[in-house]
Amino acid sequence: MAGGRVRGDVKIQYRAVLALATVLLLTALSARAQFFMPPQTKPKPLVILDPGHGGADLGARTSKNYVEKDFTLRLARAVKDRLEQDGAADALLTRETDRELSPLARLEFVNARKAGMFISLHADGGAKLRSHPLKIFIHKPEPANAAPPPGPWDRQGDPYAPESGKLAATMAPRLESAAGRKVEIAATSLMGLGGAGMPAALVEAADFSNPEDAIRVEDDAYLAKLADAVAGAVMEYLRVKGARNP
Ligand SMILES: [Zn+2]
């Protein structure tokens, strides 16, 4: 029937207009959504810097009575500034001021924040004058069949041990060139590093028993060199790790 066909054509045109309008509306909505959605970026890794000692716990002392707790806080602040300026990572300090903090409180701090990396900063020291290598400590996991770990901060079969090793290996040559002295990497189960659920290292960035260090650890220009070495290693490690797991 002629009349029926006309009604049918109108119906088809109506459907076509409706479909077109729907497509236009959806396009507009999705453009609007894209406009308001922030660009998709990976969250920055969080690096926790731990200035060793603090408060009544002075740490090592140089022959000039400069104390380790002050050195570690200055160094941690300088490393944090560099990481934030670079933008490669967010950084937090376990202590921002001169206060005492137990080893367990430091580990609770890092684990509560699900950090991507933990670096504890220290200086070596002792009564006798000497010149020996600086050290970067990483956790040595106990074998699975060993006696139970000595404390809640230690652990068997640390899954982060290989990454901690890569972090230390990235840092050692940079610290060597900043300090002009050999840097050894030592794996130990005695420093509590196994309690951090992330790649972790304890860096003895100076030796207060070394006559040369006893003078230069108070010098801001030398501290800046050490901070460049530590922060540079963190940034390089993160870049390489990012390339491995894009
Ligand atoms: Zn120390």
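Rule-based calculations on the coordinates, nothing more; no lab input. Since the model is a prediction, treat every value here as computed from it, not as a measurement. Because the Cβ atoms are built from the backbone with ideal geometry, glycine has one as well, and the counts that use them run over all protein chains shown.
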Please give the length that would be gained between GLU100 and ALA186 if that part of the chain were fully extended, namely 0.36 nm times their separation in residues minus their C-alpha to C-alpha distance (nm, one decimal). 28.3 nm
If I model a spin label at GLU218 and ARG244 as a point 7 Å from the Cα along the Cα→Cβ vector, what separation in nanometres do I get? 4.2
What nm value, rounded to one decimal, do you get for the distance between LYS166 and LYS64 when each label is placed 7 Å out toward the C-beta? 4.0
